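Let me begin by presenting the structure, written as structure tokens, before commenting on it.
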Amino acid sequence: MGLAINDASVIYPSAEGRDPVEALRGINLTMGENEFIVALGASGCGKSTLLNLIAGFLAPTSGEVLLDGERVSGPGADRSVVFQKHALLPWLDVRENVAFGLKLQGVDSKRRYRTADKFISLLGLDGFEGSPVYALSGGMQQRVGIARALTCDPKLLLMDEPLGALDALTREKAQELILGIWEETHKSVFFITHSVEEALFMGTRLIVMSPRPGRIAHRFDLPFSRRFLGGEAARQVKASRDFIELREEVLKIIFADEEAA
Ligand SMILES: Nc1ncnc2c1ncn2[C@@H]1O[C@H](COP(=O)(O)OP(=O)(O)OP(=O)(O)O)[C@@H](O)[C@H]1O
Ligand SMILES: [Mg+2]
């Protein structure tokens with residue numbers, strides 16, 4: 001998997017007499033196999049716009065987005081998206097929701113249920129295959145959303161604030177779960193969050209975006225998820241001196257941007 005975004009910009013056309021919105025300008029980003037890129041930045045700085053470009057929901061106004069050398073011209077099975085609020089189908093049970101993408105691809109029911117059950121198990125949802133999704137907690141619904149994104153075996157997993165709606169404890173557990181899955185499946189992940197701590201903990205690389213127009217203002221390489229996967233306890237990683245120092249540095253950048261905006 002190789003993603004390359006070359007000098008991409010996005011201008012949303014004007015609506016109802018308003019000025020056009022320059023959401024992204026001059027975005028350059030490459031992403032390789034098994035990378036975990038996290039995007040941080042103030043609300044409105046263009047994080048979702050960037051994700052939508054990669055997903056192919058949106059075309060750049062100028063520049064290009066290449067996936068394995070091919071120009072991205074729309075959504076595809078090689079990329080799956082997990083939204084902030086799960087977008088599950090409420091009339092289907094857990095297994096049918098997880099298998100839904102495979103059904104769209106025409107995979108026969110035996111194979112799609114076998115694959116769905118594998119990811120249901122990976123996400124710790126054994127025993128809930130036949131449950132209606134409305135009967136699950138928010139954290140479990142979000143895990144169903146992640147399982148569904150994984151069943152199509154995408155090269156690239158795109159996550160837009162997937163844990164934003166969860167309480168603190170569930171959120172930390174979900175972070176650890178996602179890192180475990182990332183290690184096990186070797187996916188490349190593009191992950192948006194508003195939490196600096198979550199960003200530092202999860203990513204192999206961090207991009208901090210600045211608003212109006214959205215640009216990548218800072219880039220950091222991150223060692224922390226590998227330390228966690230190497231056996232160090234999550235809270236210990238997050239309480240370590242280098243983690244806290246970087247957290248404060250990134251917070252300063254974001255606050256400075258907010259004040260300038
Ligand atoms: N479809 C659209 N039409 C017009 N303007 C849009 C559209 N989508 C987003 N915008 C504007 O583009 C800018 C970037 O929006 P985007 O949703 O990418 O930001 P974001 O960083 O994801 O914000 P948040 O953290 O609040 O989710 C904002 O000013 C937003 O109002
Ligand atoms: Mg957004």
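No value in this document is a laboratory result; all are computed from the given coordinates. Quick caveat, the model's predicted, so the values are computed rather than measured. Quick reminder, even Gly has a Cβ in these numbers, built from the backbone with ideal geometry, and neighbours come from all protein chains shown.
Remarks
- Under 28 Å from the Cα of Lys173 - lysines, other chains or at least 8 residues apart: Lys47, Lys85, Lys118, Lys155, Lys187, Lys238, Lys252
- Electrostatic bookkeeping for Ala77 treats Lys and Arg as +1 and Asp and Glu as -1; over the other residues with beta carbon under 13 Å from its beta carbon, the sum is +2.
- Legend: helices of the chain (whole DSSP H runs) are marked when their alpha-carbon atoms reach 24 angstrom or more along the helix axis and their mean Kyte-Doolittle hydropathy is at least -1.0; marked are 168-185, 241-260.
- Computed across the chain, the Kirkwood radius stands at 19.1 Å (inverse of mean 1/r, all Cα pairs).
- Computed over neighbours whose Cβ is under 12 Å from that of Asn97, the net charge equals +2, Lys and Arg +1, Asp and Glu -1.
- The residue among Ser121, Trp91, Gln105 whose Cα reaches farthest toward the positive pole of the charge dipole of the stretch 82-153, with charges on the beta-carbon of Lys, Arg, Asp and Glu, is Gln105.
- Theoretical gain in end-to-end length, Arg212 to Thr30 [0.36 nm per residue, Cα-Cα removed]: 63.3 nm
- Separation of the stretch 179-213 from the stretch 88-152 is 24 Å, based on Cα centroids.
- Assigned charges on the beta-carbon of Lys, Arg, Asp, Glu; the chain dipole about Cα centre (debye): 460
- Of the residues Lys187, Lys173, Lys155, the one that moves most in a GNM of the chain with alpha-carbon contacts below 10 Å is Lys173.
- In this rough spin-label picture, where each label sits 7 Å from Cα along the Cβ direction, the Asp167-Asp7 distance is 5.1 nm.
- Here the gap between His194 and Asp221, fully extended at 0.36 nm per residue and compared with their Cα-Cα distance, gives a gain of 7.9 nm.
- Estimated inter-spin distance, Leu104 and Asp19, nm [label 7 Å along Cα→Cβ]: 3.7
- Arg235 paired with Ala77, simple spin-label distance in nm, labels 7 Å along Cα-to-beta-carbon: 4.4
- Distribution of pairwise C-alpha distances over the stretch 119-261, 10 Å bins, in %: 10, 38, 34, 15, 3, 0
- Computed over the chain with a Gaussian network model linking Cα atoms closer than 10 Å, the most mobile of Val38, Val237, Val250 is Val237.
- Candidates Gly106, Gly124, Gly76, ranked by Gaussian network fluctuation over the chain, Cα under 10 Å, top entry: Gly106
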